[in-house]
Structure formats: structure tokens, C-alpha cells
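Chemist: One structure, as C-alpha cells, below. Some questions next.
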Amino acid sequence: MSNPRISCIITAYNEGALASLSIRSILNQSFTDFELLIVDDGASEDTRATLQSFNDARIVHIRQANDGLSSARNRALGLARGDYICFLDADDSRPVWAFEEMIKTAERTQADCVFCPGLLSEVRHHITPFYDQTIFEQLSVIGPVDATTDAQTFLKGVALAAAIEPQSANKFLKRSFVEKYRLRFPAGLFFEDIVFHNSIVINMDSFAITEAPCFTYFRRYGRPQITGGSSTTRFDSISSAANLLELFSHSRYFQETQIRAIVVASTFKLLEWCNKSVAHNYKWSFRQSLTAMIQGINPRYLSELKAPYASDVYAIAPWVEPSLKYAQGLKPS
């Protein structure tokens, strides 16, 4: 049997019947040459029943004891056979044209990674562009970025790519690129997407974007979502941030002020949000842990926080300046 063109990875734990929305959105794609790897990560009984209710030759069922989202995705990455790889959370969906749009862009540009904009569905079904729409609008002006692009434009594109929301569904990756750099999610941590996202950004030599949105993220209330709780999982953001900043300090872009600033800003945007949303009885401990993390990062980051950045850094997104100022306020005296 020949390998499929696309491998799509869905992991499931406690989504229950909601998982059927995601699975159907993949099985109904207009582009049909794909495999769907569904990882049962120690799923609840109703979730497992939902997963097993689908009988399609393109589905590869993978079952493991609960080991977390990163472990489940990594397991599927090791088994994926497609030329391209993408992800979808088990309670989100893709429009019917998503695969066709993504592979058309990938084949036209031969990019290591194709980023795609998305939609946000609020609890009352109000549909809006995803949080990073303004970043995609700026990238659309630049166009596909690769080795033939002039250096200044290439670095601007990388800075913008670093500002894209670190959401797993907005990436369409060459499997050869993933394997070349052994790209994986950090096991055992929540907020793992920010590390994986930036691992892609610092290694890719080319990238492109789709014009059409290719996923819908559903904000749900009344059921557990990592982004909707206030428990001790918030502390994982500190570990993920420390991992990211250490990783980036060894990258080819560490000396590039604009890119470094965006990576720092996106990191502290996440940390500030977690600090604000963590349960009140954990706030002091969170702040102490965050302060300790900052004291252990590369001193170059701390020196950069002493002075304001240029206007071209602040112009990338409205959250950049406040996030950097938040980081400056945490800097040890």
C-alpha cells in the first residue's frame, strides 16, 4: 500500500461525544488521500465508545494508557506515514476544504511548514477570526518565505511566524522536516504547544500561509479545557517557558533583536495570562516560581529587558509591548 499524502493526528481523553465532530470533519474532507491517526490516551468510557463507533479504512486506532497530550501526539508522530502532518484537537473541527487548501499551498511553495488562519467559535456560536488574524494579514503582504527571499524580509517573516498563536491545528508540516529535526512535544507538560511551535519557527527554512481559514477552535464552558481552568496545571507554563527560552538561546536567531523580542513577548504573554487566571490560593506560589525561573534564564534575556524595543517590534501585535513590560517588571533588581 502506498503512503497517504496527509497524516492527521487526533488525541482523545475525555471529550466524549464531542470527538465525533472532529472526526467527521476530517472524514468529510474534499481531499481524500489521508490517514487519520486517533490516539486513545486512556480515554473515558464514553469517549472510547465514540472513537470506536467509526469504521473507516483511513482511520488508524492507537490506544495507550493515559500519559498526556504530548505523549499521545508523539506516539502518533512516530507512526505517521503521510508526506505531510497536521493535528486537530478532539473537540475542534476543520472545514471541508482544509486539506485541499493546505496541500495545494504546500505543493505550490514546497514550504517546510504551511501556517493557516483559523476561526473562533464562542459559546453562543458567535464566529470570529482566531486571535492571530492580524499576524496573518501582515504575512499575506510578505508572501511565501524561503531561501530566495532577501534576508531582511526573511527575518521579518520569521518574527511574524513566532507571533502566530502556538496552536497545533494551524500547522501543516512536511514529514521530512519533522523527522530531520526530530520535532516532538515536551512530554509531561501542559502548554506544550508554545515549545513545539517555536521549535518549528527556529528550524524552518521556508514557510507559507493559506488564504482560507482551515480550523475552528470552540471555546467551551462547563467542561474541562486546559485553557479554561485555574488549577496547578498553570504551573506547567513556567516549565514550558523555561524550556522554550533555553531552546531559543541556542538557535540561529538568538542574536536577532526583533525575533528574540517576539519570542520573549509571546512567552510572557502566556505567563501573565496564567498568573492572572490561576486560583487565588496559588497566586503567591506561582509568582515565586516565576521569579525563580527568570533568575535562571540566559542573562542576555535579562539585559534586553532593561531598555524599550524599537517601534517595529511593538507594531507586530498589540500584546507585544504590554507583555514585554510585564517581563521587565519581573526582572530581578
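Chemist: Picking from 315, 310, 261, which residue would you name as being farther than 20 Å from residue 191 by Cβ, modelled with pLDDT under 95, crowded, with 20+ Cβ neighbours inside 10 Å and not hydroxyl-bearing (Ser, Thr, Tyr)?
Modeler: On the way: 315 fails: crowded, with 20+ Cβ neighbours inside 10 Å; 310 fails: crowded, with 20+ Cβ neighbours inside 10 Å.
Going through 315, 310, 261 in turn, the sole match is 261.
Chemist: Say we look at the stretch 17-34 and pick out the residues that are small (Gly, Ala, Ser) and over 23 Å from the mean Cα position of the chain (by Cα); which of these is modelled with the lowest pLDDT?
Modeler: Initially, the stretch 17-34 is screened for residues small (Gly, Ala, Ser), giving 17, 19-20, 22, 25, 30.
From what's left, over 23 Å from the mean Cα position of the chain (by Cα): 17, 30.
Details: 17: 93, 30: 98.
Result: 17.
Chemist: Is it true that some residue in the stretch 283-295 is of a type in the set (A, V, I, L, M, F, W, C), exposed (fewer than 14 other Cβ atoms within 10 Å of the Cβ), outside the structural domain of residue 196 (by TED's automatic domain parsing) and assigned to a helix (DSSP H, G or I)? Full working, then the answer.
Modeler: Residues of the stretch 283-295 that are of a type in the set (A, V, I, L, M, F, W, C), as a first pass: 284, 286, 290, 292-294.
Filter once more, keeping what is exposed (fewer than 14 other Cβ atoms within 10 Å of the Cβ): 284, 292.
Subset that is outside the structural domain of residue 196 (by TED's automatic domain parsing): 284, 292.
Pick out the ones that are also assigned to a helix (DSSP H, G or I) and you get 284, 292.
Yes, the stretch 283-295 contains at least one residue that is of a type in the set (A, V, I, L, M, F, W, C), exposed (fewer than 14 other Cβ atoms within 10 Å of the Cβ), outside the structural domain of residue 196 (by TED's automatic domain parsing) and assigned to a helix (DSSP H, G or I).
Chemist: When the residues of the stretch 50-68 are filtered to those that are in contact with a helix residue (DSSP H, G or I) (Cβ under 8 Å, 6 or more places away or on another chain) and part of a helix (DSSP H, G or I), which remaining residue is farthest from residue 179 (Cα to Cα)?
Modeler: The qualifying residue farthest from residue 179 (Cα to Cα) is 50.
Chemist: Of all residues in the stretch 122-163 being modelled with pLDDT under 95 and among the small types (Gly, Ala, Ser), which is nearest to residue 206 (Cα to Cα)?
Modeler: 147
Chemist: Of the conditions (1) within 28 Å of residue 299 (Cα to Cα); (2) surrounded by 14 or more Cβ atoms within 10 Å (Cβ to Cβ), residue 151 clears all except one; give me its number.
Modeler: Going through the list (1) within 28 Å of residue 299 (Cα to Cα); (2) surrounded by 14 or more Cβ atoms within 10 Å (Cβ to Cβ), residue 151 breaks only (2).
Chemist: Additional query: If a residue has to be part of a helix (DSSP H, G or I) and farther than 15 Å from residue 324 by Cβ to count, how many in the stretch 256-274 make the cut? Write out each step before concluding.
Modeler: Filtering the stretch 256-274 down to residues part of a helix (DSSP H, G or I) leaves 257-274.
Applying the additional criterion that residues be farther than 15 Å from residue 324 by Cβ yields 274.
The qualifying residues number 1.
Chemist: In the set 88, 139, 79, which member is farther than 16 Å from residue 27 by Cα, within 19 Å of the chain's Cα centre (by Cα) and assigned by TED's automatic domain parsing to the domain that holds residue 179?
Modeler: One residue alone meets the criteria, 139.
Chemist: Select, from 107, 122, the only residue that is assigned by TED's automatic domain parsing to the domain that holds residue 39 and touching a residue at least 24 places away in the same chain (Cβ under 8 Å). Steps first, please.
Modeler: Values: 107 fails: touching a residue at least 24 places away in the same chain (Cβ under 8 Å).
On inspection, the qualifying residue turns out to be 122.
Chemist: Same structure, new question: Of all residues in the stretch 1-49, how many are part of a strand (DSSP E or B), closer than 19 Å to residue 68 by Cβ and acidic (Asp, Glu)?
Modeler: Matching residues across the stretch 1-49 total 2.
Chemist: Just checking, how many residues over the stretch 30-78 are surrounded by 15 or more Cβ atoms within 10 Å (Cβ to Cβ) and touching a residue at least 60 places away in the same chain (Cβ under 8 Å)?
Modeler: Within the stretch 30-78, residues that are surrounded by 15 or more Cβ atoms within 10 Å (Cβ to Cβ) and touching a residue at least 60 places away in the same chain (Cβ under 8 Å) number 12.
Chemist: To continue, here is another question. Within the group 238, 200, which residue is modelled with pLDDT of 95 or more, assigned by TED's automatic domain parsing to the domain that holds residue 137 and crowded, with 21+ Cβ neighbours inside 10 Å?
Modeler: On the way: 238 fails: assigned by TED's automatic domain parsing to the domain that holds residue 137.
From the options 238, 200, the qualifying one is 200.
The values are calculated or read from the model by the stated rules, or taken from the named source; none is laboratory data. In this text the structure is predicted, and so the values were computed from the model without any measurement. Using ideal geometry, Cβ is built from the backbone for each residue, glycine included, and neighbour counts are taken over all protein chains shown.
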